[in-house]
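Colleague: One structure coming up, written as structure tokens, with questions to follow.
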Amino acid sequence: MRFALLTTVVAIGAVACGKKDQNQTQAQSAPPAAPAAAAPAGPVVEVKMTGNGSTRAAFEPNSITIPVGATVRFTSVSGFPHNVAFWQDSIPAGGAAALNANMKNTIDNLSGPFLQQNETYEVSFANAPKGTYKGFCTPHQAIGMKIAIKVE
Ligand SMILES: [Cu+2]
């Protein structure tokens, strides 16, 4: 058997003389215009979510009247986590379909996500039938954290 040892020495000279700074390859083009759905079309009504973390929790105010197409912006202020959920049998006929289309990141049927301090959650009442929508906060329903939203 012939055993050949081949030793190859490759002299590598000047592999890369000029090291370029890493260029950001992300396109610098302007972002597309925000979709229309991102901005509330109608008036925005503010509701605070408050509490002491144990015995007291509330929507403030806990009764509001809004026009069709308004957006209710819930802000978690104290005693969080809070969310807003609606009783399917305590909203106008057709209201569930409208809310399901408008509520983002739901955790259950007609239930918004839990909010920590200063987090907000917007519920648009676009296309919502007129009437009263009764809602609650899931963690604090037992201690009476409820809201009535009248759409007219
Ligand atoms: Cu709550």
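The values are calculated or read from the model by the stated rules, or taken from the named source; none is laboratory data. Just so you know, these numbers come straight off a predicted model, no measurement behind them. All Cβ positions, even for glycine, are placed from backbone atoms using ideal geometry, and neighbour counts span all protein chains on display.
So that you can scan it fast, the table gives a plain yes or no per residue for (1) outside any helix (DSSP H, G or I); (2) touching a Pro at 6+ places or on another chain (Cβ under 9 Å); (3) modelled with pLDDT under 95:
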site	(1), (2), (3)
Asp89	no, no, no
Pro92	yes, yes, no
Ala98	no, yes, no
Asn105	yes, yes, no
Asn118	yes, no, no
Val123	yes, no, no
Pro129	yes, yes, no
Thr132	yes, yes, no
Gly135	yes, no, no
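Colleague: Can you tell me which of Gly112, Gly94 is in contact (Cβ under 8 Å) with a residue 24 or more places away in the chain and within 16 Å of the ligand (Cβ to nearest atom)?
Modeller: Answer to the check: Gly112.
Colleague: To continue, here is another question. Can you tell me which of (1) more than 12 Å from the ligand (Cβ to nearest atom); (2) closer than 16 Å to Lys146 by Cβ; (3) in contact with a Phe, Trp or Tyr (Cβ under 6 Å, 6 or more places away or on another chain) is the one Gln88 doesn't meet?
Modeller: With respect to (1) more than 12 Å from the ligand (Cβ to nearest atom); (2) closer than 16 Å to Lys146 by Cβ; (3) in contact with a Phe, Trp or Tyr (Cβ under 6 Å, 6 or more places away or on another chain), Gln88 is out only on (3).
Colleague: Moving to a separate point now. Could you list, in sequence order, all residues of region 44-62 that are surrounded by 12 or more Cβ atoms within 10 Å (Cβ to Cβ) and small (Gly, Ala, Ser)?
Modeller: Gly51, Ala57, Ala58, listed by residue number.
Colleague: Within 15 Å of the ligand (Cβ to nearest atom), without any contact (Cβ under 8 Å) to a residue 24 or more places away in the chain, among the aliphatic types (A, V, I, L, M) and at negative phi: is that true of Ala142 in this structure?
Modeller: Spelling it out, Ala142 is indeed within 15 Å of the ligand (Cβ to nearest atom), without any contact (Cβ under 8 Å) to a residue 24 or more places away in the chain, among the aliphatic types (A, V, I, L, M) and at negative phi.
Colleague: Of all residues being acidic (Asp, Glu) and farther than 18 Å from Ala70 by Cβ in region 92-122, which is surrounded by the fewest Cβ atoms within 10 Å (Cβ to Cβ)? Just the residue, please.
Modeller: Here is the first cut: in region 92-122, the ones acidic (Asp, Glu) are 108, 119, 122.
Filter again for farther than 18 Å from Ala70 by Cβ, leaving 108, 119.
Numbers: Asp108: 10, Glu119: 16.
Among residues in region 92-122 that are acidic (Asp, Glu) and farther than 18 Å from Ala70 by Cβ, the one surrounded by the fewest Cβ atoms within 10 Å (Cβ to Cβ) is Asp108.
Colleague: Name the residue, out of Phe125, Phe80, that is surrounded by 13 or more Cβ atoms within 10 Å (Cβ to Cβ), aromatic (Phe, Trp, Tyr) and either within 16 Å of the ligand (Cβ to nearest atom) or within 13 Å of the chain's Cα centre (by Cα) (or both).
Modeller: On the way: Phe125 fails: either within 16 Å of the ligand (Cβ to nearest atom) or within 13 Å of the chain's Cα centre (by Cα) (or both).
When all the criteria are applied, what remains is Phe80.
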